[in-house]
Amino acid sequence: MNSITLHGRLAKDATVTLVNSCGVETPLVTFSFIDGGLPYQKSEPMFIDVHFMKEAAMRIFDFLKKGKEVVVSGCLRSKNYVTQAGEKKQKYYVSADYVMFTGKGSDDGTSRSAHN
């Protein structure tokens, strides 16, 4: 099974767009976050895009602000696209099943989560 769990901080505020899914417009919440790796590792931070389209996504949208610390669990996905210059590229993102606020940057320091 394709499953991934990551921990990091939001790099910028989340955005929401409506996508047509089987004739019904469904909100898609997207955000980028930074996974800094393990504290003892000296690696470059990795920016990861997250797509969260579960029912709970809109309930937590207002809290997905730059600097919030989150744990994201879901499936790793890829998307092929062509740039304006005609170059073929591939982008990876996490299709989230679960988003949990944790640690610094959460409203009151307690853990919170959202999933279906």
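Listed values, structure above:
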read-out: Heavy-atom SASA rank of GLU25, GLU69, GLU44 (probe 1.4 Å, accessible area, largest first); value: GLU44, GLU25, GLU69
read-out: Which listed pairs, of LYS54/LYS91; LYS66/LYS88; LYS68/LYS88, have C-alpha distances above 29 Å, in listed order; value: LYS66/LYS88; LYS68/LYS88
read-out: Probe 1.4 Å, accessible area per residue of the stretch 1-99, Å²; value: 67 Å²
read-out: Accessible-area value, ASP97, 1.4 Å probe, nucleic acids and ligands omitted, Å²; value: 70 Å²
read-out: Long-range amide H partners of LYS68 with built H, under 5 Å; value: LEU10
read-out: Net charge over other residues, Cβ less than 15 angstrom from the Cβ of GLN90 (K, R count +1; D, E count -1); value: +3
read-out: Segment ASP49-ILE4, length gained on full extension (0.36 nm per residue, minus Cα span); value: 14.9 nm
read-out: Gain on full stretching of the segment that runs from SER78 to THR26 - 0.36 nm per residue minus C-alpha separation; value: 16.7 nm
read-out: Whether the stretch 24-97 is rounded, prolate or oblate, judged on the alpha carbon gyration tensor where a/c under 1.5 counts as rounded; value: oblate
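The values are calculated or read from the model by the stated rules, or taken from the named source; none is laboratory data. Note that the structure is a prediction, hence the values are computed from the model and not measured. All Cβ positions, even for glycine, are placed from backbone atoms using ideal geometry, and neighbour counts span all protein chains on display. Calculation scope for accessible area: heavy atoms of the full protein, side chains included, ligands and nucleic acids excluded. Shrake-Rupley method; radii C 1.70, N 1.55, O 1.52, S 1.80 Å.
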